[in-house]
Amino acid sequence: MLVLIDNANLKEIESLYRDYPYDGVTTNPSILMKEHKNPFKVLKDIRAFLPDDSMLHAQVVSEGTDKMVEEAHFMLNEIREDLFIKVPVTTDGLRAIHILKKEGINVTATAVYTAMQAFMAAKAGARYTAPYVNRLDNMGADGVQVAKDIHDMFRIHNMEADVLAASFKNSQQILNLCKHGIGSVTAAPDVLRALTYHDATFTAEENFTHDFYSLLNEVEGTHLK
(Lines give C-alpha, C1' and ligand atoms only; values in the text may rest on other atoms or scores of the structure.)
Protein backbone atom coordinates (compact mmCIF):
# COMPACT_ATOMS: atom_id res chain seq x y z
CA MET A 1 0.00 0.00 0.00
CA LEU A 2 1.32 3.43 -0.97
CA VAL A 3 1.29 6.01 1.83
CA LEU A 4 1.20 9.69 0.88
CA ILE A 5 1.26 12.94 2.83
CA ASP A 6 -1.83 15.15 2.59
CA ASN A 7 -0.15 18.48 3.26
CA ALA A 8 1.52 21.41 1.51
CA ASN A 9 3.88 22.67 4.21
CA LEU A 10 7.39 21.97 2.93
CA LYS A 11 8.99 21.86 6.39
CA GLU A 12 6.38 19.35 7.55
CA ILE A 13 6.90 17.25 4.43
CA GLU A 14 10.68 17.31 4.86
CA SER A 15 10.30 16.27 8.51
CA LEU A 16 8.06 13.33 7.62
CA TYR A 17 10.40 12.17 4.86
CA ARG A 18 13.25 12.11 7.36
CA ASP A 19 11.26 9.64 9.45
CA TYR A 20 9.95 7.36 6.71
CA PRO A 21 10.20 6.93 2.90
CA TYR A 22 6.71 8.09 1.92
CA ASP A 23 5.36 7.69 -1.60
CA GLY A 24 4.42 11.25 -2.36
CA VAL A 25 2.26 14.25 -1.49
CA THR A 26 -1.35 15.17 -2.18
CA THR A 27 -2.71 18.70 -2.06
CA ASN A 28 -5.99 20.48 -2.65
CA PRO A 29 -6.94 24.17 -2.81
CA SER A 30 -7.89 24.27 0.89
CA ILE A 31 -4.55 22.76 1.93
CA LEU A 32 -2.66 25.22 -0.29
CA MET A 33 -4.61 28.15 1.15
CA LYS A 34 -3.17 27.41 4.60
CA GLU A 35 0.33 28.26 3.33
CA HIS A 36 -0.61 31.85 2.34
CA LYS A 37 1.87 31.73 -0.54
CA ASN A 38 1.78 31.53 -4.32
CA PRO A 39 0.28 28.05 -4.79
CA PHE A 40 2.35 27.26 -7.87
CA LYS A 41 5.55 28.24 -6.07
CA VAL A 42 4.53 25.96 -3.18
CA LEU A 43 3.88 23.07 -5.55
CA LYS A 44 7.16 23.63 -7.41
CA ASP A 45 9.10 23.66 -4.15
CA ILE A 46 7.44 20.44 -3.01
CA ARG A 47 8.15 18.76 -6.35
CA ALA A 48 11.79 19.90 -6.22
CA PHE A 49 12.19 18.31 -2.78
CA LEU A 50 10.46 15.01 -3.50
CA PRO A 51 12.44 12.02 -4.79
CA ASP A 52 11.87 11.31 -8.47
CA ASP A 53 9.80 8.22 -7.69
CA SER A 54 7.44 10.11 -5.36
CA MET A 55 4.11 11.38 -6.68
CA LEU A 56 2.66 14.87 -6.39
CA HIS A 57 -1.09 15.47 -6.81
CA ALA A 58 -2.59 18.93 -7.42
CA GLN A 59 -6.19 19.90 -8.14
CA VAL A 60 -7.83 21.97 -10.86
CA VAL A 61 -10.27 24.65 -9.69
CA SER A 62 -11.69 25.85 -13.01
CA GLU A 63 -15.34 25.37 -13.97
CA GLY A 64 -16.20 23.73 -17.27
CA THR A 65 -14.44 20.90 -19.06
CA ASP A 66 -12.37 23.05 -21.42
CA LYS A 67 -11.13 25.28 -18.60
CA MET A 68 -10.22 22.25 -16.48
CA VAL A 69 -8.16 20.78 -19.31
CA GLU A 70 -6.50 24.15 -19.96
CA GLU A 71 -5.63 24.53 -16.28
CA ALA A 72 -4.23 21.00 -16.18
CA HIS A 73 -1.92 21.81 -19.10
CA PHE A 74 -0.78 24.98 -17.32
CA MET A 75 0.06 23.08 -14.13
CA LEU A 76 1.97 20.42 -16.03
CA ASN A 77 4.04 23.09 -17.78
CA GLU A 78 4.64 25.02 -14.56
CA ILE A 79 5.43 22.11 -12.22
CA ARG A 80 6.34 18.85 -13.97
CA GLU A 81 4.90 16.65 -16.68
CA ASP A 82 4.39 13.67 -14.37
CA LEU A 83 2.16 15.66 -12.00
CA PHE A 84 -1.10 13.90 -11.09
CA ILE A 85 -4.01 16.19 -11.93
CA LYS A 86 -6.87 15.97 -9.43
CA VAL A 87 -10.28 16.46 -11.01
CA PRO A 88 -13.61 16.46 -9.11
CA VAL A 89 -16.12 13.84 -10.25
CA THR A 90 -18.67 16.31 -11.61
CA THR A 91 -20.12 15.88 -15.10
CA ASP A 92 -17.63 18.40 -16.47
CA GLY A 93 -14.90 16.74 -14.44
CA LEU A 94 -15.60 13.30 -15.89
CA ARG A 95 -15.40 14.76 -19.39
CA ALA A 96 -12.08 16.38 -18.49
CA ILE A 97 -10.75 13.11 -17.05
CA HIS A 98 -11.53 11.35 -20.33
CA ILE A 99 -9.77 14.03 -22.39
CA LEU A 100 -6.70 14.13 -20.15
CA LYS A 101 -6.44 10.34 -20.14
CA LYS A 102 -6.41 10.33 -23.96
CA GLU A 103 -3.51 12.79 -23.79
CA GLY A 104 -1.56 10.43 -21.53
CA ILE A 105 -1.89 12.64 -18.45
CA ASN A 106 -2.03 11.15 -14.95
CA VAL A 107 -5.42 11.83 -13.38
CA THR A 108 -6.77 11.41 -9.86
CA ALA A 109 -10.55 11.64 -9.50
CA THR A 110 -11.34 13.51 -6.30
CA ALA A 111 -14.33 14.49 -4.16
CA VAL A 112 -15.57 10.91 -4.40
CA TYR A 113 -18.51 10.09 -2.12
CA THR A 114 -19.97 6.98 -3.75
CA ALA A 115 -18.56 3.80 -5.20
CA MET A 116 -20.29 4.41 -8.54
CA GLN A 117 -18.71 7.85 -8.86
CA ALA A 118 -15.34 6.13 -8.55
CA PHE A 119 -16.33 3.41 -11.00
CA MET A 120 -17.41 5.90 -13.67
CA ALA A 121 -14.28 8.00 -13.10
CA ALA A 122 -12.14 4.91 -13.64
CA LYS A 123 -14.04 4.13 -16.85
CA ALA A 124 -13.35 7.69 -17.97
CA GLY A 125 -9.63 7.08 -17.40
CA ALA A 126 -8.72 8.07 -13.85
CA ARG A 127 -5.64 6.29 -12.52
CA TYR A 128 -6.62 6.94 -8.91
CA THR A 129 -9.94 7.70 -7.23
CA ALA A 130 -10.04 9.44 -3.87
CA PRO A 131 -12.98 8.61 -1.59
CA TYR A 132 -13.24 10.82 1.51
CA VAL A 133 -13.35 8.24 4.27
CA ASN A 134 -13.94 10.31 7.40
CA ARG A 135 -16.21 12.82 5.68
CA LEU A 136 -18.40 9.90 4.63
CA ASP A 137 -18.46 8.69 8.24
CA ASN A 138 -19.55 12.16 9.36
CA MET A 139 -22.40 12.02 6.83
CA GLY A 140 -23.69 8.77 8.35
CA ALA A 141 -22.15 6.48 5.74
CA ASP A 142 -19.34 3.94 6.19
CA GLY A 143 -16.29 5.51 4.57
CA VAL A 144 -14.07 2.46 4.98
CA GLN A 145 -16.70 0.24 3.36
CA VAL A 146 -17.12 2.63 0.44
CA ALA A 147 -13.36 2.50 -0.19
CA LYS A 148 -13.43 -1.31 0.03
CA ASP A 149 -16.35 -1.48 -2.42
CA ILE A 150 -14.47 0.68 -4.91
CA HIS A 151 -11.35 -1.47 -4.58
CA ASP A 152 -13.37 -4.66 -5.11
CA MET A 153 -15.14 -3.28 -8.18
CA PHE A 154 -11.84 -2.28 -9.77
CA ARG A 155 -10.47 -5.79 -9.25
CA ILE A 156 -13.63 -7.60 -10.39
CA HIS A 157 -13.78 -5.61 -13.62
CA ASN A 158 -10.00 -5.64 -14.23
CA MET A 159 -9.83 -1.85 -14.31
CA GLU A 160 -6.50 -0.04 -14.43
CA ALA A 161 -7.37 2.13 -11.44
CA ASP A 162 -6.67 2.15 -7.73
CA VAL A 163 -8.14 3.69 -4.62
CA LEU A 164 -6.28 6.64 -3.12
CA ALA A 165 -8.29 6.91 0.07
CA ALA A 166 -8.26 10.31 1.79
CA SER A 167 -9.77 12.15 4.76
CA PHE A 168 -8.78 10.16 7.84
CA LYS A 169 -9.37 10.88 11.51
CA ASN A 170 -7.36 8.01 12.99
CA SER A 171 -4.92 5.22 12.18
CA GLN A 172 -7.56 2.52 12.70
CA GLN A 173 -9.32 3.61 9.52
CA ILE A 174 -6.06 3.19 7.60
CA LEU A 175 -5.42 -0.21 9.21
CA ASN A 176 -8.84 -1.44 8.09
CA LEU A 177 -8.08 -0.43 4.50
CA CYS A 178 -4.58 -1.89 4.62
CA LYS A 179 -5.96 -5.28 5.67
CA HIS A 180 -8.30 -5.22 2.68
CA GLY A 181 -5.51 -4.56 0.18
CA ILE A 182 -6.36 -0.95 -0.66
CA GLY A 183 -3.74 0.39 -3.06
CA SER A 184 -2.94 3.74 -1.47
CA VAL A 185 -3.88 6.23 1.22
CA THR A 186 -3.09 9.86 1.93
CA ALA A 187 -3.37 11.40 5.38
CA ALA A 188 -2.49 14.46 7.43
CA PRO A 189 0.85 14.48 9.29
CA ASP A 190 -0.67 13.83 12.73
CA VAL A 191 -2.48 10.73 11.47
CA LEU A 192 0.64 9.47 9.70
CA ARG A 193 2.76 9.83 12.83
CA ALA A 194 0.13 7.89 14.76
CA LEU A 195 0.74 4.90 12.47
CA THR A 196 4.04 4.15 14.22
CA TYR A 197 3.77 5.84 17.61
CA HIS A 198 2.90 3.82 20.71
CA ASP A 199 3.67 4.66 24.34
CA ALA A 200 4.43 1.02 25.11
CA THR A 201 7.23 1.00 22.53
CA PHE A 202 9.02 3.85 24.27
CA THR A 203 8.47 2.25 27.67
CA ALA A 204 9.97 -1.01 26.41
CA GLU A 205 12.96 0.84 24.98
CA GLU A 206 13.57 2.61 28.29
CA ASN A 207 13.31 -0.67 30.22
CA PHE A 208 15.74 -2.46 27.91
CA THR A 209 18.25 0.38 28.21
CA HIS A 210 17.90 0.48 31.99
CA ASP A 211 18.37 -3.29 32.32
CA PHE A 212 21.42 -3.32 30.06
CA TYR A 213 23.23 -0.57 31.94
CA SER A 214 22.28 -2.19 35.25
CA LEU A 215 23.98 -5.35 33.99
CA LEU A 216 27.11 -3.41 33.04
CA ASN A 217 27.30 -1.95 36.54
CA GLU A 218 26.77 -5.37 38.08
CA VAL A 219 29.43 -7.25 36.11
CA GLU A 220 32.95 -6.17 36.97
CA GLY A 221 35.15 -5.16 34.06
CA THR A 222 32.25 -4.70 31.64
CA HIS A 223 31.92 -1.33 29.98
CA LEU A 224 31.05 0.34 26.71
CA LYS A 225 33.74 2.15 24.77
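The values are calculated or read from the model by the stated rules, or taken from the named source; none is laboratory data. What you are looking at is a predicted structure, and each value in this text was computed from that prediction instead of being measured. Every residue, glycine among them, receives a Cβ derived from its backbone with ideal geometry; neighbour counts consider all protein chains shown.
Residue under question is V163, and the condition is that it be under 19 Å from L2 (Cα atoms) and surrounded by fewer than 23 Cβ atoms within 10 Å (Cβ to Cβ); does it hold?
No; evaluated as a whole, the condition is false for this residue.
Closer than 21 Å to T108 by Cα and surrounded by 13 or more Cβ atoms within 10 Å (Cβ to Cβ): does that describe S30?
Considered against the rule, which asks whether it is closer than 21 Å to T108 by Cα and surrounded by 13 or more Cβ atoms within 10 Å (Cβ to Cβ), S30 comes out as no.
Restricting the first residue to the stretch 1-21 and requiring it to be free of Cβ contacts under 8 Å to residues at least 40 places away in the same chain and in a loop (DSSP other than H, G, I, E, B), which pairs with a second residue that is polar (S, T, N, Q) and buried (at least 18 other Cβ atoms within 10 Å of the Cβ) meet a Cβ separation below 7 Å and a spacing of at least six or different chains?
From the stretch 1-21, the pairs are A8/T27.
How many residues are assigned to a helix (DSSP H, G or I) and within 14 Å of T110 (Cα to Cα) when one looks only at the stretch 126-143?
In the first step, residues of the stretch 126-143 are kept if they are assigned to a helix (DSSP H, G or I); the result is 133-138, 143.
Now narrow it down to the ones that are within 14 Å of T110 (Cα to Cα): 133, 135-136.
Of the residues in that region, 3 qualify.
For the condition farther than 16 Å from D19 by Cβ and at pLDDT 85 or above, what is the one hit in N217, N176, N207?
Every option except N176 fails the conditions.
Residues in the stretch 191-204: is at least one within 21 Å of the chain's Cα centre (by Cα), surrounded by fewer than 20 Cβ atoms within 10 Å (Cβ to Cβ), on the phi < 0 side of the Ramachandran plot and of a type in the set (D, E)?
No.
Within the group I174, I150, which residue is under 21 Å from N28 (Cβ atoms) and in contact with a Pro (Cβ under 7 Å, 6 or more places away or on another chain)?
Checking each option against the conditions leaves just I150.
Just checking, which of F74, F84, F40, F49 is among the aromatic types (F, W, Y) and crowded, with 18+ Cβ neighbours inside 10 Å?
When all the criteria are applied, what remains is F84.
Going by the conditions given, is I156 more than 24 Å from N7 (Cβ to Cβ) and among the β-branched types (V, I, T)?
Yes.
Residues to consider are I182, I150; find the one that is of a type in the set (A, V, I, L, M, F, W, C), in a helix (DSSP H, G or I) and in contact (Cβ under 8 Å) with a residue 24 or more places away in the chain.
Of the residues listed, the single one that is of a type in the set (A, V, I, L, M, F, W, C), in a helix (DSSP H, G or I) and in contact (Cβ under 8 Å) with a residue 24 or more places away in the chain is I150.
Sort out for me the helices (runs of 4 or more DSSP H) sitting completely within the stretch 24-99 that have 2 or more residues that are in contact (Cβ under 8 Å) with a residue 24 or more places away in the chain, basic (K, R) and farther than 27 Å from M116 by Cβ.
39-49
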